[in-house]
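The values are calculated or read from the model by the stated rules, or taken from the named source; none is laboratory data. No experiment lies behind these values; they were computed from the predicted model shown. Neighbour counts run over all protein chains shown; Cβ positions are idealised from the backbone, glycine included.
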Ligand SMILES: C[S@@+](CC[C@H](N)C(=O)[O-])C[C@H]1O[C@@H](n2cnc3c(N)ncnc32)[C@H](O)[C@@H]1O
């Protein structure tokens, strides 16, 4: 009731997730307890999380985790919440073998850690300009059991990095500055702006990625970059102007353009 009144979309679903969190159980455990009265401490816990959600704090931030691909990732306001759309990139990258993967702007580590978990022989380098994001990615690497196969480095895109990779991936910030005010409050007010927008037309990161890619991609290697659903033409042009063949554009589960694939 309070969530609906605060304009929270999907209030009933969120209430169940928050109640399970407050009761320190899962959805099955919640079902088993539906007829039991809440203890005082549980009522306090529920009040606290409902108040947070009423301020449009994302459920993932309140419960501290978010499911992505085959794992649960720890998240907080230092990292972008991994999105289902980004699983399109992971699925495409897994279609062929790889040995060394570079993930630029790794955030929670969702992409590279999912890839490494699926390929036990592969190793990876994960970079981000945010050292707080990398702290979270390191914790996730430990939880997922791939920590010994991934290195983390603070870097401004390719600056200071070295080596060649047969797979390069990135989900860079791509929202245009002019679109920021229209975002849902859960995103605009709670997720790191550094992860959402590079400012301007939203394409700045692709220009840097296209210019740097030839120095880091192994011969015969592949690269996958997530894009905003209206950016396929502009991003393709950026890569073509940098000397690459016409990128392949892949759609997400909703049928929206979501990934450009280079060298596939
Ligand atoms: C859209 S988020 C993607 C996070 C994660 N890879 C995912 O898909 O959930 C973009 C990430 O790029 C990072 N980033 C922003 N500017 C950067 C820069 N100049 N160099 C490296 N990383 C940057 C942000 O800190 C953020 O973690």
Whichever residue in the stretch 208-239 is more than 26 Å from residue 100 (Cβ to Cβ) and out of contact with any strand residue (DSSP E or B) (no Cβ under 8 Å at 6 or more places or on another chain) and, among such residues, is surrounded by the fewest Cβ atoms within 10 Å (Cβ to Cβ)
233
Subset tally (residues that are surrounded by fewer than 24 Cβ atoms within 10 Å (Cβ to Cβ) and more than 11 Å from the ligand (Cβ to nearest atom)) for the stretch 116-134
8
In the list 19, 55, 34, which residue meets the criterion of being free of Cβ contacts under 8 Å to residues at least 40 places away in the same chain and within 27 Å of residue 185 (Cβ to Cβ)?
19
Given the conditions (1) free of Cβ contacts under 8 Å to residues at least 60 places away in the same chain; (2) within 12 Å of the ligand (Cβ to nearest atom); (3) buried (at least 22 other Cβ atoms within 10 Å of the Cβ), report the number of the one that residue 111 does not fulfil.
(1)
Residue check, residue 258 against (1) away from the ligand (no atom under 16 Å from the Cβ); (2) buried (at least 16 other Cβ atoms within 10 Å of the Cβ); (3) farther than 24 Å from residue 159 by Cα, all met but one. Which one?
(1)
Might you check whether a residue that is in contact (Cβ under 8 Å) with a residue 40 or more places away in the chain and either assigned to a helix (DSSP H, G or I) or touching a strand residue (DSSP E or B) at 6+ places or on another chain (Cβ under 7 Å) (or both) occurs anywhere in the stretch 43-50?
yes
Select from the stretch 144-160 the residues that are more than 10 Å from the ligand (Cβ to nearest atom), in contact with a helix residue (DSSP H, G or I) (Cβ under 9 Å, 6 or more places away or on another chain) and assigned to a loop (DSSP other than H, G, I, E, B) and list them in ascending order.
145, 146
Confirm whether residue 26 is out of contact with any helix residue (DSSP H, G or I) (no Cβ under 9 Å at 6 or more places or on another chain), over 30 Å from residue 216 (Cβ atoms) and away from the ligand (no atom under 16 Å from the Cβ).
no
Here are the criteria: (1) touching a residue at least 12 places away in the same chain (Cβ under 8 Å); (2) more than 10 Å from the ligand (Cβ to nearest atom); (3) under 15 Å from residue 168 (Cα atoms). Tell me which single one residue 90 does not satisfy.
(2)
Are any of the residues in the stretch 193-210 more than 14 Å from the ligand (Cβ to nearest atom) and part of a helix (DSSP H, G or I)?
yes
Based on this model, can you work out whether residue 192 counts as within 23 Å of residue 229 (Cα to Cα) and crowded, with 19+ Cβ neighbours inside 10 Å?
no
The conditions are (1) assigned to a loop (DSSP other than H, G, I, E, B); (2) within 12 Å of the ligand (Cβ to nearest atom), and residue 97 fails exactly one of them. Which is it?
(2)
Residue in the stretch 173-186 that is within 24 Å of residue 126 (Cβ to Cβ) and in contact with a strand residue (DSSP E or B) (Cβ under 7 Å, 6 or more places away or on another chain) present
no
Residue check, residue 102 assigned by TED's automatic domain parsing to the domain that holds residue 221 and free of Cβ contacts under 8 Å to residues at least 60 places away in the same chain
no
